[in-house]
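Read the structure below first, then the notes.
The values are calculated or read from the model by the stated rules, or taken from the named source; none is laboratory data. Fair warning: this is a prediction, and the values are worked out from it, not measured in the lab. Here the Cβ is made from the backbone with ideal geometry for all residues, glycine too, and neighbour counts use every protein chain on show. Heads up: the accessible areas ignore ligands, DNA and RNA and are worked out on the full protein's heavy atoms, side chains in. Shrake-Rupley method; radii C 1.70, N 1.55, O 1.52, S 1.80 Å.
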There are 2 protein chains.
Amino acid sequence: MKDQSTEENILNAAISVFQKKGMAGARMQEIADEAKINKAMLHYYYKNKQKLFEAVFRQAFEKFAPHINEVFNSDKSVFEKIIKFTDSYISFVMENPYLPNFLIQEINNNTEFANLFFGSEIAPNPIRFEKQIEEEIEKGIIKPIDPKQLLLNLFSLTAFSFVGTGLVRGILNLDEKKFKTMMEERKIMIPELLINSIKK
Amino acid sequence: MKDQSTEENILNAAISVFQKKGMAGARMQEIADEAKINKAMLHYYYKNKQKLFEAVFRQAFEKFAPHINEVFNSDKSVFEKIIKFTDSYISFVMENPYLPNFLIQEINNNTEFANLFFGSEIAPNPIRFEKQIEEEIEKGIIKPIDPKQLLLNLFSLTAFSFVGTGLVRGILNLDEKKFKTMMEERKIMIPELLINSIKK
DNA sequence: ACATTTATTAACCATATGGTTAAACTATTT
DNA sequence: AAATAGTTTAACCATATGGTTAATAAATGT
């Protein structure tokens, strides 16, 4: 571990605590403890809990969005993008297991605040991809489908396992090893499933 | 609205508040207000917040599980079960929009407690369905696939939209009407997608 | 070296929150 | 009708929690 500025320490501790416990469950004292500083420092660098939360949310949002944009705004084919996104997203989330759930949770609980982000530059923006899907449909490369439904299928199949980990593992009776194996398999299986359903 | 016993009032109020705000975000006073009774009554009928939460969790779990079991333990074919489950689950969740997210959230935050339920009678138990899938594979009716992966696809495609409503609507830029329309379409589209991927 | 700004802490404070209690009110029993 | 048991409330209580303050320590500028 390298020396970090106090402000960075605080943000990292806040990320850790907020992502695990959410806004309502997080405690300022716990964040201070994890950052190994006095609680007053939190308010010195970040005015209050809400502001600190917003910094954490912004960081999470900014970390998450590129995984959608990079893939979707590249100049690859629809098929290639589906393959690339699945692999890149599952790998990313396996390294950041709390992130999708945190985002989903806080967006649901704080829709108006979250909508500030969806308007912005950094927001995931699949519009170009949606257009591309329509173009490939017109060209006869893929079968007709609502681009938004295709995207929703892609997001659902990749993300749900991580958001609902506990429920999934409980119902399907999966230990951690089996779960991870399945996630690796899904990197191949999901694109196959989706591409197969739209290719002519 | 019919007259309900105070205990029922409390449980209903608790369901409403806990499902929207989760264990950490829920306030005993808010539950009392919603039930229109004195806060002390909560402790009269339910010892403490934890116990009240557990009653709510149990109710949610018991309400949710049959939608999996009824379909999966019927004597229909795999194809028919996929069709039935999708329709029944999406309809159910559109009427109970907070339920899946609440369960997922609290199972994630309280794995050991939740595991008490996964062992029990009422737990969603897809083992018979998994065996049926293997049988139909052997009989050559459907293509080889890990039954657990098929189930995970089914759960993902049906549930994710409701768990990540805010994120989905934000990214895909959906108003409430369009979202609902898409959910209706998915009752048809999801079984098509899944059946098509496994039928020979 | 001295002054000034910046960073950090211990001790506090106000309020929110889960929980308790004693009294009152309402059936129910005898 | 009196006694008993069950239900409900207002007022409290202890603690947790977010936030502040005043004093101190460390860094920076002159």
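So which of A:P144, A:P97, A:P66 is assigned to a helix (DSSP H, G or I) and open to solvent by 30 Å² or more (accessible area, probe 1.4 Å)? Give the derivation first.
Details: A:P144 fails: assigned to a helix (DSSP H, G or I); A:P97 fails: assigned to a helix (DSSP H, G or I).
Checking each option against the conditions leaves just A:P66.
Residues of region A:29-54 that are open to solvent by less than 40 Å² (accessible area, probe 1.4 Å) and either assigned to a loop (DSSP other than H, G, I, E, B) or more than 10 Å from DNA strand C (Cβ to nearest atom) (or both): A:I31, A:Y46, A:L52, A:F53.
With respect to A:I10, is the statement that it is within 30 Å of B:V17 (Cα to Cα), away from chain B (no Cβ under 14 Å), within 15 Å of DNA strand C (Cβ to nearest atom) and in a helix (DSSP H, G or I) true? No; evaluated as a whole, the condition is false for this residue. Among the residues in region B:96-112, are any over 16 Å from the mean Cα position of the chain (by Cα), within 16 Å of DNA strand C (Cβ to nearest atom) and within 14 Å of another protein chain (Cβ to nearest Cβ)? Yes, region B:96-112 contains at least one residue that is over 16 Å from the mean Cα position of the chain (by Cα), within 16 Å of DNA strand C (Cβ to nearest atom) and within 14 Å of another protein chain (Cβ to nearest Cβ). What about A:E135, is it facing chain B (nearest Cβ under 9 Å) and surrounded by fewer than 19 Cβ atoms within 10 Å (Cβ to Cβ)? Against the criterion (facing chain B (nearest Cβ under 9 Å) and surrounded by fewer than 19 Cβ atoms within 10 Å (Cβ to Cβ)), A:E135 does not qualify.
For residues in region A:15-55 being touching a Ser or Thr at 6+ places or on another chain (Cβ under 9 Å) and more than 11 Å from DNA strand D (Cβ to nearest atom), which is farthest from A:F117 (Cα to Cα)?
Restricting attention to region A:15-55, the residues satisfying the condition of being touching a Ser or Thr at 6+ places or on another chain (Cβ under 9 Å) are A:31, A:34-35, A:37, A:41, A:44-45.
Next, only the ones that are more than 11 Å from DNA strand D (Cβ to nearest atom) stay: A:34-35, A:37, A:45.
Details: A:E34: 28, A:A35: 27, A:I37: 31, A:Y45: 23 Å.
Here the answer is A:I37.
Before we move on, is A:R58 charged (D, E, K, R), within 16 Å of DNA strand C (Cβ to nearest atom) and open to solvent by 40 Å² or more (accessible area, probe 1.4 Å)? So A:R58 does not fit the description; no. For region B:169-189, the set of residues classified as at the interface with another protein chain (Cβ under 8 Å from one of its Cβ atoms), in a helix (DSSP H, G or I) and surrounded by 16 or more Cβ atoms within 10 Å (Cβ to Cβ) consists of B:G170, B:I171, B:L172, B:M182, B:R186, B:M189, listed by residue number.
Comparison of A:D87, A:D75 shows that the only residue that is outside any helix (DSSP H, G or I), more than 13 Å from chain B (Cβ to nearest Cβ), out of contact with any strand residue (DSSP E or B) (no Cβ under 9 Å at 6 or more places or on another chain) and more than 16 Å from DNA strand C (Cβ to nearest atom) is A:D75.
Can you find, within region B:1-28, the residue that is nearest to the chain's Cα centre (by Cα) among those that are surrounded by fewer than 21 Cβ atoms within 10 Å (Cβ to Cβ) and of a type in the set (S, T, N, Q)? Within region B:1-28, the match that is nearest to the chain's Cα centre (by Cα) is B:S16.
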